[in-house]
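One structure is given below, encoded as structure tokens.
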Amino acid sequence: MSKNEALFLRAQKTTPGGVNSPVRAFRQVGGVPRFVKRAQGAYFWDADDKKYIDCIGSWGPMIVGHAHPAVVKAVQDAAVNSFSYGAPTEGEIVMAERICQLVPSIEQVRLVSSGTEATMSALRLARGFTGRDLIIKFEGCYHGHADSLLVKAGSGMLTFADSTQNAPSSGGVPQDLVKHTLVLPYNDVEALELAFKQNAGKIAALIVEPIAGNMNLIQPSATFVKAMRDLTTKEGAVLIYDEVMTGFRVALGGAQSLHGVQPDLTCLGKVMGGGMPMAAFGGRSDIMNKLAPIGNVYQAGTLSGNPLAVAAGLANLDIITQPGFYECLGTQTKKFVNGLAERAKQAGVTFSVDSVGGMFGLYFSEKIPTSYADVTASDIEAFKKFFHLMLDNGVYLAPSAYEAGFISIAHDDAVLAEMFSAAEKSFAALAR
Ligand SMILES: *Cc1c(COP(=O)(O)O)cnc(C)c1O
């Protein structure tokens, strides 16, 4: 028995399914999850000391590569001053100032510890601000696991969902909560217009992944982006860009800087903590001023703005704000997906690719998908086989056809060459 197998069996005795977050269990691709021992740059090593090129980067955060010396040093320096105080620190001010400077739609920001907390709090705030209950979300978008957001949700929820119209996609979520959530198809402007027309004066917020990454990578059309901004403005609803994944990932200013859109609220997470538990939500100060302790919308956190997380986040920001960082990251990511597409073509495998900044999508379909329905129609079986072939050849892709992938600045040309050689073998085996 391999060490990974032994650990997986042992884990299942005390942890449900053997993992602390469902996608890690490999349920969608089958097989034994790899238990990670350590990571460096673009690589990690599993319990059996097998080396992998990491294409998920902790699902986004590790944009500067694993164990970057400057980030490690910042955490070490902070750690000797204790881990948490429950009182404010100067580092939190610096973090807030840097976020407001890098993402201009954010006038004020509050730090939290996870993306789930950020979206849950942003929604409560939007409801408190507007005095309305209804929210709009899109099919296949994942916004963390708050109750009212687990309706036709993406990520691990996609392979788990009940197909019944507007049923919660998780047990334990009351129908009473779900009735306040309208779920619409992504990229469907007509459905959006109709929803606003039928619910005039009732919609508190529209929450969206401005570039979706929890149903594989799906980009919005320009008309969809414009309709979301125009309709929410007209109806006095709060436009929430959930940039937990895309913030500091697709560009320094997030997806909103690429779209030229000023959302009312933005959620951040993943990259901003550099791998430490930290996230944030922020936006228009007239909305943010409704938050406790100045407003009546309650939100709090014992570990919010944790000094170690802030230290890691700031050190990470210092690296990603260096000139040329995103040009280089975008170039490497494009080279990677194009190289893969080339090799698929050589092997005669139906395959398409997309990427934005350091985020990519791989699809076993003729065309790049534009909706959740398109993704489900792709060849999921081919993906599963390809995933395991790549894994055997030392490349760790996201263990699900419904997740985007991530490249870090440590994925240099030498690493890409290794990935291409793995892909060549994998596509050839798949074609056989
Ligand atoms: C990951 C993610 C979340 C949830 O963040 P957690 O830190 O896992 O709670 C929310 N929204 C989006 C778009 C995400 O990708």
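Please treat every number below as a calculation from the coordinates, not as lab data. Please read these numbers as outputs of a predicted model, since none were measured by experiment. Neighbour counts run over all protein chains shown; Cβ positions are idealised from the backbone, glycine included.
Assorted remarks:
- If you go through the stretch 399-415 and keep only what is under 23 Å from the mean Cα position of the chain (by Cα) and surrounded by fewer than 21 Cβ atoms within 10 Å (Cβ to Cβ), you end up with just Asp412.
- Residue, farthest from the ligand (Cβ to nearest atom), within the stretch 132-147, restricted to residues that are of a type outside the set (D, E, K, R) and free of Cβ contacts under 8 Å to residues at least 60 places away in the same chain: Ala146
- Residues that are closer than 25 Å to His68 by Cβ, part of a helix (DSSP H, G or I) and acidic (Asp, Glu) within the stretch 391-432 comprise Asp413, Glu418, listed in sequence order.
- Among the residues of the stretch 114-131, those identified as near the ligand (Cβ under 10 Å from one of its atoms) and in a helix (DSSP H, G or I) are Gly115, Thr116, Glu117, Ala118, Thr119, Met120.
- Neighbours by Cβ (under 8 Å, 6+ apart or cross-chain): first from the stretch 115-127, over 18 Å from Ala237 (Cβ atoms); second more than 10 Å from the ligand (Cβ to nearest atom) and among the hydrophobic types (A, V, I, L, M, F, W, C): Ala118/Ala280; Ala118/Phe281
- Qualifying residue in the stretch 270-278 (condition: in contact (Cβ under 8 Å) with a residue 12 or more places away in the chain, surrounded by fewer than 24 Cβ atoms within 10 Å (Cβ to Cβ) and within 16 Å of the ligand (Cβ to nearest atom)): yes
- Scan of the stretch 2-41 for residues that are more than 16 Å from the ligand (Cβ to nearest atom), under 24 Å from the mean Cα position of the chain (by Cα), assigned to a helix (DSSP H, G or I) and surrounded by 14 or more Cβ atoms within 10 Å (Cβ to Cβ), ordered by number: Gly17, Gly18
- Check on Ala96, in a helix (DSSP H, G or I), under 29 Å from Lys37 (Cβ atoms), of a type in the set (A, V, I, L, M) and over 20 Å from the mean Cα position of the chain (by Cα): no
- Candidates Ala251, Ala311, Ala292, filtered to the one that is without any contact (Cβ under 8 Å) to a residue 60 or more places away in the chain and either surrounded by fewer than 21 Cβ atoms within 10 Å (Cβ to Cβ) or away from the ligand (no atom under 11 Å from the Cβ) (or both): Ala292
- Filter result for the condition that a residue is surrounded by 20 or more Cβ atoms within 10 Å (Cβ to Cβ) and either on the phi > 0 side of the Ramachandran plot or within 16 Å of the ligand (Cβ to nearest atom) (or both), over Gly324, Gly348, Gly283: Gly283
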